[in-house]
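Presented below is the structure to which this report refers.
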């Protein structure tokens, strides 16, 4: 296991191969018929399907090939824990939005994030049923790509940026379709005229990153692998992700369990 850090230039070189890997994992998910897929409950009560496991196998094999020696923590293999002292490691959610997938909706994603020195540096979020991939490296920029049939990345990438909080216009708030809570409702209510977009999975981060939403509050607990890739894309596009007090989220290896108590993704870094 390699304890060295993957810095920005090396992360940029990994961006293309990892994008292809996310597209391949997305194709593996789409190859499974949702209407007949068996759903099993994990120990924490969350659902898992053959699609989650198929994508996880594709990503695990690909990361071993592309970044041998760099530790990878996946939602589907988190039982082995996260060793202390890692300067860089991958966080993987092979199918974020399993409930959306089971329900027949298209807002589910494949997420790969690379953490360096306690913060997400690289993020790739693929939405295979939407034919989109969003990706970015902090300090390098963010972009959106189209994905064709069979997981083929099509055409050239389009650069994306977050937008400034509109003066006098409505604030567009991306909220979870499946995980509402009173704190998030109060956050929206404190912004008169706010327009809510109910969206599943890490697509909410991507809406902020591309400037079609202004903020994404998640004021209840979630897991590291749900956040890392999306946070990197938002930060690469010019935004920031903090807790409700404006403090950064700590992704340091060995800093605790895998739970993030809350976060807010801001498109405008001056907002909040």
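Laboratory data are not the source of any read-out in this text; all were calculated from the coordinates shown. Keep in mind that this is a model prediction, so the values were computed, not measured. Cβ coordinates were reconstructed from backbone atoms using ideal geometry, including for glycine residues, and neighbour counts include every protein chain displayed.
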**Study point:** Value of [θ]222 nm, deg cm²/dmol, for the chain, DSSP H segments ≥ 4, -39500 (n - 2.57) each, nearest 500
**Key:** -8500 deg cm²/dmol
Check your understanding: Label-point separation (nm) for residue 212 and residue 156, each offset 7 Å from Cα along Cα-to-Cβ?
Key -> 2.2
Check your understanding: Which percent of Cα pairs goes in each bin when the distances of region 71-179 are cut into 10 angstrom slices starting at zero?
Key -> 12, 33, 37, 16, 2
Study note, to complete from the structure: To the nearest 0.05, the calculated FRET efficiency linking residue 146 and residue 102 through their beta-carbon distance, R0 being 30 Å, is 0.70
Practice item. May I ask you to compute the full-extension gain from residue 252 to residue 130, defined as 0.36 nm times their residue separation minus their alpha-carbon distance, rounded to one decimal in nm? Key: 40.7 nm
Review point. Can you give the extra length, in nm with one decimal, that the chain gains between residue 271 and residue 77 once fully stretched, where that is 0.36 nm per residue apart less the Cα-Cα distance?
Key: 66.2 nm
Point to revise | Cβ-based exposure ranking for 52, 93, 167, 9, in which fewest neighbours within 10 Å come first | key: 167, 9, 52, 93
Review point. Say each of residue 8 and residue 190 gets a label point 7 Å from the Cα, pointing the same way as Cα to Cβ; how far apart are those two points in nm?
Key: 3.2
Practice item. May I ask you to order 66-72, 213-219, 100-106 by the average number of other C-beta atoms within 10 Å around their residues, highest value first? Key: 213-219, 100-106, 66-72
**Study point:** Separation between Cα centres of region 214-263 and region 138-172, rounded to whole Å
**Key:** 19
Check your understanding: Which FRET efficiency value, to the nearest 0.05, do you get for residue 181 and residue 38 by plugging their Cβ-Cβ distance into 1/(1 + (r/R0)^6) with R0 = 30 Å?
Key -> 0.50
Review point. How big is Rg to Rh over region 160-206, alpha-carbon atoms, Rh as the Kirkwood inverse-mean-distance radius?
Key: 0.98
Review point. Rounded to a whole number of µm²/s, how large is the Stokes-Einstein D of region 8-160 at 20 °C and 1.002 mPa s, given Rh as the Kirkwood radius over C-alpha pairs?
Key: 136
Revision key, fill the gap. log10 I(q)/I(0) for the chain, Debye formula on C-alpha points only (no solvent), q = 0.09, 0.10, 0.17 Å⁻¹, two decimals, reads -0.36, -0.45, -1.41
Study note, to complete from the structure: Given 10 °C, 1.306 mPa s and a Kirkwood radius over Cα pairs, the Stokes-Einstein diffusion coefficient of region 105-245 in µm²/s is 104
Review point. Put a dot 7 Å past each Cα toward the Cβ at residue 167 and residue 222; how far apart are the dots in nm?
Key: 3.2
**Study point:** Paired Rg and Dmax values of region 172-266, which use every Cα atom, in angstrom
**Key:** 12.5, 42
